[in-house]
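> Sending over a structure as structure tokens; questions will come in a sec.
The values are calculated or read from the model by the stated rules, or taken from the named source; none is laboratory data. It should be emphasised that the depicted structure is a prediction, and the values quoted were computed from it without experimental measurement. Using ideal geometry, Cβ is built from the backbone for each residue, glycine included, and neighbour counts are taken over all protein chains shown. Protein only, heavy atoms only, side chains kept; ligands, DNA and RNA dropped before computing areas. Shrake-Rupley method; radii C 1.70, N 1.55, O 1.52, S 1.80 Å.
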There are 2 protein chains.
Amino acid sequence: MVSSMTKMTEATYFILAALLEAPLHGYGIIKRAGDQSAGRVKLAVGTLYGALDRLTEAGLVVLDREEVVDGRPRRYYRITEDGVVAVRQEAVRLQQAARVVTGQIAVMGA
Amino acid sequence: MVSSMTKMTEATYFILAALLEAPLHGYGIIKRAGDQSAGRVKLAVGTLYGALDRLTEAGLVVLDREEVVDGRPRRYYRITEDGVVAVRQEAVRLQQAARVVTGQIAVMGA
DNA sequence: GGACCATATATCGGGACCCGATATATGGTC
DNA sequence: GACCATATATCGGGTCCCGATATATGGTCC
């Protein structure tokens, strides 16, 4: 159980974000990431499956269930509690990074 | 003259952000990036000089001037207009990415 | 019937990039 | 003299992205 990923890549972030609402299978994650980013994020399949393996190993996602639809297998992944925490922390980091350039710093945490 | 970098790395982003106010030399960039991010970003020297070379080649920064202080050379880098545009675009992207998780989507552009 | 595309998973290899280690040099502190 | 901050530069290992490729099904189009 890897507690904290110091650095999260963009692909990893959007994969976790795509899973926040409900478990999805690989192809569904790619499409949802594209939708959520207004088409800006296009996850390559090579990126996705490698990242899913790493996320599973890190305990941020787990294999939810497997289905077979029309002979094609569907493997659904689910985000874990650790994954939710991680993706929210990353969202805060992204927002703070954006503010460095945007100008409204107004740090209130510490 | 590389018009648009589709993808900007975090190190690149903080280097450009550090140069927004005034030209700085390498070591100054490292310190300023650390300050601006409240100590979260620690640029390694190997990262810095490689990134500066790439940014220079891309036309986002230029060598401003060279000074010699106490026998130690100081090489100041300056952000270009293209660099300013690029880092501001990236800030918007980061903010939008953060909002995917934060929840307040409210997309207004298109 | 055949071409093509969307869906769906998986692997491989090239390339980009981060980053610690290492090297070199100066001046101040202990 | 040892050590540290300043300052630049390079090299090599490792991580990760991503296009190409492979395999398989079912629908659309001609």
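> Name the nearest-to-axis residue of chain A, judged by Cβ distance to the rotation axis taking chain A onto chain B, and quote that distance in whole Å.
Closest to the rotation axis on chain A: A:Leu94, 2.
> Counting each DSSP H run of 4 or more residues in chain B as -39500 (n - 2.57), what helix-only mean residue ellipticity at 222 nm follows after dividing by all residues, to the nearest 500 deg cm²/dmol?
Result for chain B: -16500 deg cm²/dmol, rounded to the nearest 500.
> Under the definition of partner shielding as Cβ atoms of other protein chains within 10 Å of a residue Cβ, what is the mean value for peptide A:89-96?
6
> As an exercise, identify the trypsin sites (Lys or Arg not before Pro) in region A:12-46 lying in DSSP coil whose Cβ has no more than 16 other Cβ atoms within 10 Å.
Here the sparse-neighbourhood loop sites are A:Arg40, A:Lys42.
> With every protein chain left in place, what is the accessible area of A:Arg99 in Å² (1.4 Å probe, nearest 10)?
Spelled out: A:Arg99, probe radius 1.4 Å, area about 80 Å².
> Moving on. If we hang a label 7 Å off Cα along the beta carbon direction at A:Asp35, how far is it from the matching labels on the other copies, in nm, shortest first?
4.6
> To continue, here is another question. Taking the label point as lying 7 angstrom from Cα along the Cα-to-Cβ axis, what are the distances from B:Tyr49 to the corresponding position in the remaining copies, in ascending order and in nanometres?
4.0
> Summing Lys, Arg as +1 and Asp, Glu as -1, what charge do residues with Cβ under 11 Å from the Cβ of B:Ala22 carry, B:Ala22 excluded?
0
> Sticking with this one: Note down the net charge around A:Arg65, summing +1 for each Lys or Arg and -1 for each Asp or Glu among other residues with Cβ under 11 Å from its Cβ.
0
> What does the charge add up to near A:Val100, with Lys and Arg as +1, Asp and Glu as -1, over the other residues with Cβ less than 14 Å from its Cβ?
Every neighbour counted, the sum reads +2.
> A further question follows. Hey, can you find the accessible area per residue of chain B for me, probe 1.4 Å, expressed in square angstrom?
Accessible area per residue, chain B: 60 Å².
> Distance cut-off 20 Å, Cα to Cα: go down the list A:Lys7/A:Lys31; B:Lys7/B:Lys31; A:Lys42/B:Lys7 and report the pairs above it.
Among A:Lys7/A:Lys31; B:Lys7/B:Lys31; A:Lys42/B:Lys7, the Cα-Cα distance tops 20 Å for A:Lys7/A:Lys31; B:Lys7/B:Lys31.
> Of A:Thr56, A:Thr47, A:Thr80, which has the largest mean-square fluctuation in a 10 Å C-alpha GNM of chain A?
Ranking A:Thr56, A:Thr47, A:Thr80 by mean-square fluctuation puts A:Thr47 first.
> Moving to a separate point now. Mind listing, in residue-number order, the residues in region A:9-27 that have at least 10 Å² less accessible area with every protein chain present than in their own chain alone (1.4 Å probe)?
Checking the loss per residue gives A:Glu10, A:Tyr13, A:Phe14, A:Ala17, A:Leu20.
> 7 Å along Cα→Cβ for the label point: how many nanometres lie between B:Glu66 and each equivalent label in the other copies, listed shortest first?
From this label point to the equivalent ones elsewhere in the assembly: 6.2 nm.
> Moving on. To the nearest 100 Å², how much accessible surface do chains B and A cover up together, summed over both, with a 1.4 Å probe?
Adding both sides of the contact gives about 1800 Å².
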